[in-house]
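Engineer: To start, I am sharing the structure in question, which I have written as C-alpha cells.
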Amino acid sequence: MTASAASNGHQDGHHQDGHHSGRTGSGVVPHPVSGGPIVQLPTAFGDFVAQAWTDLATGVEHLAVSSPNPPGDGKAPLVRLHSECLTGDVFGSYRCDCGEQLAYALELIHEQGGTLLYLRGQEGRGIGLANKIKAYALQEAGFDTVEANEQLGLPVDARSYNAAAQVLAEMGLHEVRLLSNNPDKQNRLARAGVKVVEMVPTEVPSRDQNIRYLQTKKDRMEHRLLLDTHVAPVPVTTPNNPIHEQD
C-alpha cells in the first residue's frame, strides 16, 4: 500500500486482500466486498489513487477514487457515492445533473481530501440502462421521473448502499462528510454503520432540459435543492420534442 493511499484513510481496518468477514464493532453484519490493488490515477481534475472493489454478493464492480492528500484541520473526509449514469457521466447529457455533479465532487475531493465511490449497476436509480431509456420515453410523453418508473412497474429508487458502506468501512472511513443532496443516502449509511457528520451540498446550476426533473426530486424525493440558479438554455436539435428529465 502506498503512503499516499494510507494517508487518505485506507489503512484503518483495511485487510490486505480487501475482504472482511464477521460483524463490525457497531454490530452491523457487513456486506462481503473484496478490494484490489491501489494504483495512481492522473485525471483532468488532478492526481488521485484508485482501487476497484467487487461486491461478492452480486459480482458488481465499483471504483474508489481518492485524493492522495488527507483532509485538513482534522475534518472528516469528503465522500461522494456516485451512481453510475452512462448518459450523464460519459455523454454529458443535460437531461440530468449527474455528469456535472461528478465533476464538481472530484474537484472538491481533490482539493479537500476524501473519496468518490463510483457505484456501477445503479443506472437509472437502479432500474438499469434499458429501463431508464424506456422511462425517458414516458417522460417525453408528460410523466415525471417518479411517475415514469411507476408506469413501468419499477421502484422509484432501487439502489442499495450496503456494499458502498462496507467499502467505506474497509477503507477506514467510519465518519464522513457526505457530498450529496439526498438525505436518504445519509440515513442508509447510518443504518449500515457509517456516521455522516455533515451533508455537503452538490447542487449545480439547473438547465431548461432538467429543471422539471430536479423540481420532482426536490418535491417528491426530498432532495435538498434550492433551484434558484439557472443557466442559459442550450439549443436542442428537436425543439418540437422537448426533453424533460433523467433518472
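The values are calculated or read from the model by the stated rules, or taken from the named source; none is laboratory data. Everything numeric in this text was worked out from a predicted model, so none of it was measured. All Cβ positions, even for glycine, are placed from backbone atoms using ideal geometry, and neighbour counts span all protein chains on display. What goes into the accessible areas is simple: the full protein's heavy atoms, side chains included, and nothing from ligands, DNA or RNA. Shrake-Rupley method; radii C 1.70, N 1.55, O 1.52, S 1.80 Å.
Engineer: For segment 136-169, which residues satisfy the criterion of being among the small types (G, A, S), open to solvent by 50 Å² or more (accessible area, probe 1.4 Å) and either over 23 Å from L117 (Cβ atoms) or in contact with a strand residue (DSSP E or B) (Cβ under 6 Å, 6 or more places away or on another chain) (or both)?
Structural biologist: If the condition is that a residue be among the small types (G, A, S), open to solvent by 50 Å² or more (accessible area, probe 1.4 Å) and either over 23 Å from L117 (Cβ atoms) or in contact with a strand residue (DSSP E or B) (Cβ under 6 Å, 6 or more places away or on another chain) (or both), then A137, A141, G153 are the ones that fit.
Engineer: Being touching a His at 6+ places or on another chain (Cβ under 6 Å), more than 22 Å from F45 (Cβ to Cβ) and hydroxyl-bearing (S, T, Y), is that true of even one residue in segment 185-208?
Structural biologist: Applying the first criterion (touching a His at 6+ places or on another chain (Cβ under 6 Å)) to segment 185-208 yields 206.
Among the residues that remain, those that are also more than 22 Å from F45 (Cβ to Cβ) are: 206.
Filter once more, so that each one left must be hydroxyl-bearing (S, T, Y): 206.
Checking segment 185-208: at least one residue is touching a His at 6+ places or on another chain (Cβ under 6 Å), more than 22 Å from F45 (Cβ to Cβ) and hydroxyl-bearing (S, T, Y).
Engineer: Return yes or no: is A3 more than 30 Å from L227 (Cβ to Cβ), at pLDDT below 95 and of a type in the set (G, A, S)?
Structural biologist: yes
Engineer: Can you tell me which residue within segment 70-92, out of those that are open to solvent by less than 30 Å² (accessible area, probe 1.4 Å) and part of a loop (DSSP other than H, G, I, E, B), is nearest to L106 (Cα to Cα)? Before you say what the answer is, go through the steps one by one.
Structural biologist: At the first step, the residues of segment 70-92 found to be open to solvent by less than 30 Å² (accessible area, probe 1.4 Å) are 76-83, 85, 87-88.
Cutting the leftovers down to part of a loop (DSSP other than H, G, I, E, B) gives us 76-77, 85.
Numbers: A76: 16, P77: 13, C85: 15 Å.
It comes out as P77.
Engineer: Give me the residue from segment 120-134 that is open to solvent by less than 70 Å² (accessible area, probe 1.4 Å) and in contact (Cβ under 8 Å) with a residue 60 or more places away in the chain and, out of that set, nearest to V167 (Cα to Cα).
Structural biologist: Per the criteria, the residue is G121.
Engineer: Can you tell me how many residues within segment 48-83 are touching a residue at least 24 places away in the same chain (Cβ under 8 Å) and over 15 Å from R120 (Cβ atoms)? Reasoning before the result, please.
Structural biologist: Start the filter on segment 48-83 by keeping residues that are touching a residue at least 24 places away in the same chain (Cβ under 8 Å), which leaves 48-49, 51, 53, 55-58, 60-72, 75-83.
Add one more test, that the residue is over 15 Å from R120 (Cβ atoms), and what stays is 48-49, 66-72, 75-79.
Residues flagged as touching a residue at least 24 places away in the same chain (Cβ under 8 Å) and over 15 Å from R120 (Cβ atoms) within segment 48-83 amount to 14.
Engineer: Quick one: in segment 39-63, of everything that is of a type in the set (G, A, S) and in a loop (DSSP other than H, G, I, E, B), which residue is most open to solvent (accessible area, probe 1.4 Å)? Outline the logic, then answer.
Structural biologist: If we filter segment 39-63 for residues that are of a type in the set (G, A, S), which is where we start, we get 44, 46, 50, 52, 57, 59.
Okay, now just the ones that are also in a loop (DSSP other than H, G, I, E, B), so 44, 57, 59.
Values: A44: 107, A57: 67, G59: 49 Å².
Only one residue fits best here, namely A44.
Engineer: Just wondering, is there one or more residues in segment 54-64 that are modelled with pLDDT under 80 and of a type in the set (A, V, I, L, M)? Don't jump to the end; show me each part of the working.
Structural biologist: The initial filter retains those residues of segment 54-64 that are modelled with pLDDT under 80, namely none.
Within segment 54-64 (the criterion being modelled with pLDDT under 80 and of a type in the set (A, V, I, L, M)), the answer is no, since none of the residues qualifies.
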